[in-house]
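To start, the structure under review is shown below, and the notes come after it.
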Amino acid sequence: MKGKDMPSIDVRKNSKVFIGVGALVLFALGLVIGRFLLGGGGASGSLNGRTTLSEGELNTPIASYTYNGQTKEVTAREVIENTAGLEASKQSDGTYAVPPADKIIGYVRNALVVAEAQSKGITVTDDEINNYMQTNFKTTDVSQIASAYKLSEDVAKKLINDAVIMKKYRDSVLTTTLPDAPQAPTAPEDGNSETTSQEYAQYIISLAGNEWDANNNTWASQDGDYYKQLASFAISNDSASYAAAQTAYQVAMSKYSAVASKASQEWSQKINEILGKASIAIYSLAL
C-alpha cells in the first residue's frame, strides 16, 4: 500500500522521548502522533520485510515524516545512531537489525520537538551544554561520554545539544516548576541505620524547610508531612539517625513525584499539540 491508500492509525501510548541511550533519556510522556502509517512508502522496496541490513545499507530510508508542510526521510543510520549507537548495535556477523517501529517513532518525536523549539527561537550556549554534561555525566569531556555510550563524538554532541534544547523548551512552556530531584542520604559505612550524625540532622532539616523551627530546635508544627512521618524519631539541630534521614528522603521523593506527575501531564499536552499535526510513514514492518 502506498500514500493515501495506507491505513491511518491513531497511536496513543505512554512512552519516553529518547535523546540517545541510558542517562540521556529525558521525559516520560503520553503522546499522540496524528497519522501513523505502517508499511508501504516510496522507498520501502529494499528493506520491506527485512530484519537485518548491511553496513552499506545504513543510509537506506526506512521512514518519512511530514510536519508543517515539510516532508523528511529518515534513514536506518540516523535511527540507530541516535537510539543505540552504531558500534553497540553491530551484530557479530557485521549486520545491523532493522530499527523497530518504536525506535523510529522515538527518533521522529525528538526531531519534531527540537524543530518546534528552534522555531520558537530556542538556542543553547556552550556554558549550558557544559552545565548539562557536568550535571548528568560528571564531566564536560564529550569524548568520555561518547566512549561510555559507544557513540561517535559527533553523534554524542548532537544528542546532548538536542537534550539541552528540549529541556529549555520544556522549561519555557511549563507553568509547573519542576524542582531538582532529592538526593538520597549517604549510608553509614557500617550499614547501621541507627547511626546518628549532624550531617543526617541537617539533611532532614534542609528537606523539611519551614516545617522545622531551628531557633527552638524542634518542629514548627505537627501539621506538616515531614512531622507526620518523622515524629517517632529523635531529631535535633545537631543529631538524627540515618533511618530518619531515609524516611525524610521518602517524603521528599513523594512530594517530588507529585509535582513531576503534574509537570509531565502539562508537558504531554504541549507535545501532543506538536505531534498531533505530524504524520509518519514507516516503510519497514520490523515491530
Is it fair to say Ala260 is modelled with pLDDT under 95 and either over 30 Å from Val79 (Cβ atoms) or in a helix (DSSP H, G or I) (or both)?
yes
Say whether the condition of being of a type in the set (Asp, Glu), at pLDDT below 95 and part of a loop (DSSP other than H, G, I, E, B) is met by at least one residue in region 191-207.
no
Say whether the condition of being touching a residue at least 12 places away in the same chain (Cβ under 8 Å), closer than 29 Å to Val173 by Cβ and among the aliphatic types (A, V, I, L, M) is met by at least one residue in region 61-69.
yes
When every residue in region 42-65 that is modelled with pLDDT of 90 or more and polar (S, T, N, Q) is compared, the one nearest to Val108 (Cα to Cα) is Ser64
Of Ala244, Ala258, Ala240, which residue is within 33 Å of the chain's Cα centre (by Cα), open to solvent by less than 50 Å² (accessible area, probe 1.4 Å) and among the small types (Gly, Ala, Ser)?
Ala244
Across region 261-287, the tally of residues that are surrounded by fewer than 17 Cβ atoms within 10 Å (Cβ to Cβ) and of a type in the set (A, V, I, L, M, F, W, C) stands at 1
Which residue, of Lys120, Lys167, Lys138, Lys157, is open to solvent by 60 Å² or more (accessible area, probe 1.4 Å), without any contact (Cβ under 8 Å) to a residue 60 or more places away in the chain and under 20 Å from Leu275 (Cα atoms)?
Lys120
Can you pull out the residues in region 170-187 that are under 16 Å from Ala248 (Cα atoms) and open to solvent by less than 40 Å² (accessible area, probe 1.4 Å)?
Pro182, Pro185
Determine whether Val251 is under 30 Å from Ile205 (Cα atoms) and under 18 Å from the mean Cα position of the chain (by Cα).
no
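The values are calculated or read from the model by the stated rules, or taken from the named source; none is laboratory data. Treat the numbers as computed from the prediction; the structure is a model and nothing was measured. Cβ sites come from the backbone with ideal geometry, for glycine too, and all protein chains shown count toward neighbours. What goes into the accessible areas is simple: the full protein's heavy atoms, side chains included, and nothing from ligands, DNA or RNA. Shrake-Rupley method; radii C 1.70, N 1.55, O 1.52, S 1.80 Å.
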